[in-house]
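The values are calculated or read from the model by the stated rules, or taken from the named source; none is laboratory data. Just so we're clear, the structure is a prediction, and the values are computed from it rather than from any experiment. Ideal geometry is used to build each Cβ from the backbone, glycine not excepted, and the neighbour counts take in all protein chains shown. Each accessible area value is taken on the protein alone, full model and side chains, heavy atoms only, with ligands, DNA and RNA left out. Shrake-Rupley method; radii C 1.70, N 1.55, O 1.52, S 1.80 Å.
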Amino acid sequence: MNEYFKFYMPTKVCFGVGIAAEITEYVEGKNVLIVCDPFLYQSGAAKKIGDRLEGRHVAYFSEIEPNPCCESVDKAANAARQIKADCIIGMGGGSALDVSKITACLVTNEGSIYDYYAGGKRVLGERKAALICIPTTAGTGSEVTNVGVFTNQQTGIKMPFVTDAFWADYAVIDPELTYTLPPAVTAATGMDAFCHAIEAYWNKESQPMCDMLAMEAMRLILNHIKTAYDEPCNAEARSAMLQASLMAGVAFSQTRTTGIHAISFPLTSEFGASHGIACAITLPAFMKLSCEQRADKMKRLTAYLGYDCVESFAAAIERLMESMNMPVRLRQIGVKSSDLEHIAKVGLEASIIQLTPAVMNEETVCRLLKSIL
Ligand code: NAD
């Protein structure tokens, strides 16, 4: 545990059932671009928000795919520049929220995302447009992080972009917006939030304030994810899951993530696994490994969550994933033993992997991957 730590999270958080209807209280500016997930545009949920903004010019951008690529970001930026947007509202899962964050910056930072990211030489200047993030998955916590994750279509590489310009002004979090989530997305995104929490907790940069948030997030997810999966409109479970993803998001926004997320990048970009599945699939194996340097802390966590030891905790997580039809072996998402070395190499390129509380090199990562093939 670090005895020297900092905690900075400038986003104002507004949480509550039906709170999205109060959107006018948070919007500044006249020209608003709603950057939303295609499902939310087609279902009319985004329009409901836009219709409340009477007296303002409201436009929509919804050409966003999961694990958004830089080309979609550039299109969103052009849409924002065309209407001279002074407020961007991101509405959707992590994919739409991440696009909204960079779009809010590119309104006044000219050029393409490639100029600032993935080897680009320019430094992203201050964000001038207001930014409001409304999450509709209980997963990424993107509404309260300074991270955006984008896929460079030219190289196929998915990478995080971290800048203080990505802290939203407001996170408006309304559990009702998650009632339409299909069970498979509920499971994958919920387990992503669990990974954020546990990775913040065992992180080499962990700190007491994040530990507290992470522990409560894990408790809420273990108590409510299966109900949210089985009963999509269960208000208590949906609210608990969004609170958990919020807390986990705040926790990892301070510590960053670890090996689970580092390995998830090639599993998504090369094997097509959704972000949540790509993370959760290595979770039980990383849990066992975390005892290498975090034995005492993991003991406290297992006791807090009601398990005897880390092994039984990891086995319970695996059973929970199976109960929600999630893959628990790499071969279930198309990985072969001949792929392991490459996955390990790509994962090791992400600096966050070294925040894992265990020795991370090609040999140890390959061994871990082999154990869950
Ligand atoms: P997503 O945003 O890609 O959405 C997954 C699916 O859920 C999509 O098909 C979408 O249409 C659908 N969906 C979203 N909300 C819905 C709703 N309310 N009802 C019905 N369907 C809905 O998934 P995600 O897991 O939320 O986000 C993943 C992305 O976020 C990845 O690119 C990941 O790398 C990134 N991420 C970002 C951060 C961050 O801090 N910025 C953190 C973790 C992950």
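On average over all directions, what projected area in square nanometres does the chain have, based on the convex hull of its Cα atoms?
The number I arrive at for the chain is 16.8 nm².
Which whole-number percentage describes the relative contact order of the chain, with Cα contacts under 8 Å and a sequence gap of 6 or more?
Reported as a whole number, the value is 16 percent.
Along the charge dipole of the chain, Cβ charges K/R +1 and D/E -1, which of TRP167, SER264, ALA77 sits furthest on the positive end?
SER264
Once you have the Kirkwood Rh of region 277-317 from its Cα pairs, apply Stokes-Einstein at 10 °C and 1.306 mPa s and quote D in µm²/s.
Diffusion coefficient, whole number: 155 µm²/s.
Run the numbers on region 12-177 and let me know its relative contact order in percent, using alpha-carbon pairs under 8 Å that are six or more apart.
Taking the mean separation of contacting Cα pairs over the length of region 12-177, I get 28 percent.
When the solvent-accessible surface of protein heavy atoms is calculated with a 1.4 angstrom probe, in what order do CYS291, CYS233, CYS70 fall, highest first?
Final ranking, largest accessible area leading: CYS233, CYS291, CYS70.
Just from its helices, what would the mean residue ellipticity at 222 nm be for the chain, if runs of 4 or more DSSP H residues each count -39500 (n - 2.57) and the sum is divided by every residue, rounded to the nearest 500 deg cm²/dmol?
Here the helix-only value at 222 nm equals -15000 deg cm²/dmol.
For the Cα atoms of the chain, what angle does the longest principal axis make with the long axis of helix 259-271, in degrees from 0 to 90, nearest 10?
Helix 259-271 sits at roughly 70 degrees to that axis.
Which whole-number percent is the relative contact order of region 247-373 (Cα, under 8 Å, 6+ apart)?
37 percent
Give me the distance in nm between label points sitting 7 Å out from Cα along the Cα-to-Cβ direction at TYR304 and ALA316, one decimal.
So the two model labels end up 1.4 nm from each other.
With the full set of protein chains in place, find how many percent of the accessible area of the chain is carbon and sulfur; take the probe as 1.4 Å.
Solvent-exposed carbon and sulfur of the chain make up 51 percent of the total.
Keeping every protein chain present and rolling a 1.4 Å probe, give me the accessible area per residue for the chain in Å².
Per residue, the chain has an accessible area of 40 Å².
With everything on Cα atoms, drop me the angle between helix 208-230 and the longest principal axis of the chain, reported from 0 to 90° to the nearest 10.
Compared with the principal axis, the helix lies near 90 degrees.
Rounded to two decimal places and with Rh computed the Kirkwood way over Cα pairs, what is Rg over Rh for region 262-373?
0.96
Can you list the cysteines of the chain that have no other Cys Cβ under 4.7 Å away?
For the chain, the answer is CYS14, CYS36, CYS69, CYS70, CYS87, CYS105, CYS133, CYS210, CYS233, CYS291, CYS309, CYS366, because their Cβ atoms have no other cysteine Cβ under 4.7 Å.
When all alpha-carbon pairs of region 181-371 are counted, what percent fall beyond 22 Å?
Roughly 41 percent, rounded to a whole number.
Heavy atoms only, probe 1.4 angstrom, no DNA, RNA or ligands counted: give me VAL107, VAL172 ranked by accessible area, highest first.
In descending accessible area the options line up as VAL107, VAL172.
To make sure I understand the rule: partners must be aspartates and glutamates, Cα under 16 Å from the Cα of LYS12, and not fewer than 8 residues away in the same chain. Which ones qualify?
GLU22, GLU25, GLU28, GLU143, ASP164, ASP169, ASP174
Let me confirm the definition first: pairs of Lys residues in region 181-371, 8 or more apart or on different chains, C-alpha distance under 25 Å. How many are there?
Lysine pairs, 8 or more places apart or on different chains, close enough: 15.
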